[in-house]
1. If you scan region 37-59, which residues turn out to be under 23 Å from T319 (Cβ atoms) and surrounded by fewer than 16 Cβ atoms within 10 Å (Cβ to Cβ)?
2. What about E342, is it away from ligand 1 (no atom under 16 Å from the Cβ), modelled with pLDDT under 95 and more than 23 Å from H163 (Cβ to Cβ)?
3. Can you tell me which of (1) modelled with pLDDT of 95 or more; (2) farther than 20 Å from E34 by Cβ is the one A139 doesn't meet?
4. Can you find even one residue in region 68-81 that is of a type in the set (A, V, I, L, M, F, W, C), in contact with a strand residue (DSSP E or B) (Cβ under 9 Å, 6 or more places away or on another chain) and more than 18 Å from W99 (Cα to Cα)?
5. Give me the pairs: first residue in region 25-36 and aromatic (F, W, Y), second residue surrounded by fewer than 22 Cβ atoms within 10 Å (Cβ to Cβ) and in a strand (DSSP E or B), beta-carbon distance under 6 Å, and six or more apart or on different chains, which are they?
6. Could you pull out every one of the strands (runs of 3 or more DSSP E) wholly within region 93-164 that has 3 or more residues that are without any contact (Cβ under 8 Å) to a residue 24 or more places away in the chain and under 19 Å from L70 (Cα atoms)?
7. Any idea which of (1) out of contact with any Leu (no Cβ under 7 Å at 6 or more places or on another chain); (2) crowded, with 19+ Cβ neighbours inside 10 Å; (3) acidic (D, E) is the one D33 doesn't satisfy?
8. Test I328 against the criterion of being aliphatic (A, V, I, L, M), under 24 Å from the mean Cα position of the chain (by Cα) and either over 30 Å from T423 (Cα atoms) or surrounded by 17 or more Cβ atoms within 10 Å (Cβ to Cβ) (or both), and give yes or no.
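The values are calculated or read from the model by the stated rules, or taken from the named source; none is laboratory data. This one's a predicted model, so the numbers in the text were calculated from it and none came from an experiment. Using ideal geometry, Cβ is built from the backbone for each residue, glycine included, and neighbour counts are taken over all protein chains shown.
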Amino acid sequence: MNQEQNNLITRVGPGTACGALLRSYWQPAALVDEFDPALDPRMAQRPVKAVRLLGMDLVLFRSADGSWGLLDRACPHRGADLSFGRNEGDGLRCPFHGWKFDVDGRCLETPAEPLGSKLCERVRQRSYPVIERSGVLFAWLGDEDSTPPPFPEFDCFAAPASHSFAFKGLWQANWLQAFEVGIDPAHPSFLHRYLQDEPLEAIGGNAAGKQFRSASAGAVGGEQWPMTRIMREFPRPEISFETRPWGMQLTALRPMTEALTHVRVTQAIFPATFVIPLSETLTITQMHLPVDDTRTYWYAFFTSFAAPLDKAAMREQRTQFIALPDYIPKSGRHNDWGFRTEEQLTQTYLGMGQEDINLHDQWAVESMGAIQDRTLEHLGTSDKVIMANRRVLVKAIETVRSGGVAPGIADAAQAGEMRGPDTVDGIAPAGEWPHWWVQQARDKRAHAPWLAKADAKAELA
Ligand code: FES
Ligand SMILES: [Fe+2]
């Protein structure tokens, strides 16, 4: 890859070709939690937050009636920062000269102007549509005169509040390298390797915090295996992928014995989301929001297909490692991501802690540099998904540049096909894994209290 290509696929600010592609999709702008006074006391008095999305400075605020406003941050009068504005319940007022804007960007008042002034009618602040889904506020940053696409019906959005939990964290690096770590089926055998396994009973109900430590579905001679053991003992997966309406379905096979094959199916939702299994009944859907070219927020949706989630416990577990109110990881380049030689020698392959698996990925993403220099890399067979995704990305950028529709954008009819997508991590009878995993996924869905009805309806339709 040459420098020009690398620039093309990584730069996302206004006016860039890749930025135009990413503006074809709903993008996560903030967690609803960020406006919860219990988590950020400032929000009790003034629910206003500065946000930066795709290299643009915006202000997000909540009106007294509960509606959300997302406006350009620079006041259209003389450019002061509206994120310091006075939230008056029915609009946000710039403290410089008192101009006031509602959630749609309409100018309500210009109080320093002479009585009877019509200036207000000629001023409009750019506003962006906001939708709340599964604890996240999504923004649509596409052209002002165009219509946002329908929202896909993925499980992470279909699950009720009781069965979903959203969290996020900031990485100091470009969005694409964050996504490329997530869709890399080879790395868990190394980056997330534990040199010893924890007894499965010790995981208990805590799968949400212990990725790769719970059991794979299925058994070896009647014995359940933790994912960590399979990842460690079978580090050379056979990787394949298939095109799906939302992107790619990824399969990593690890033949274990003559009779058994470990199968891990994950999903890449174009352009920046992956779905992976966390346990037999939990999935993570992780999206990557480019703050700008060199910073990325990951947004993770935890979706339970069984019991309701203990959100307070999940939040507490994560806030040990990530500091509110801006969701900044406590470890990073400044402290060598918490690296300890002793741990690397005796406990983990990486040496950056056992509890926060997310930090392992953070290191991989950030240590490459703010924008990975892809002119210097050497890709292998195990990088085939990364290569395929880059080809799709370049093509999609060209499609949008020439006025076409970005891939995976559902029209109303397609939105119904954008379901699932299913994942699995399990030990299958060798040769039967293609049926085995589909059956596993079907069983999981059939047992999800919130899903059975919706699925049945879709099958009838
Ligand atoms: S700059 Fe905002 S009112 Fe003057
Ligand atoms: Fe990872």
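1. P37, A38, L39, P41, R42, A44, Q45, R46, A50
2. no
3. The failed condition is (2).
4. yes
5. Note: pairs meeting the criteria are F35/R62.
6. Of the strands (runs of 3 or more DSSP E) lying wholly inside region 93-164, none has at least 3 residues that are without any contact (Cβ under 8 Å) to a residue 24 or more places away in the chain and under 19 Å from L70 (Cα atoms).
7. Exception for D33: condition (1).
8. no
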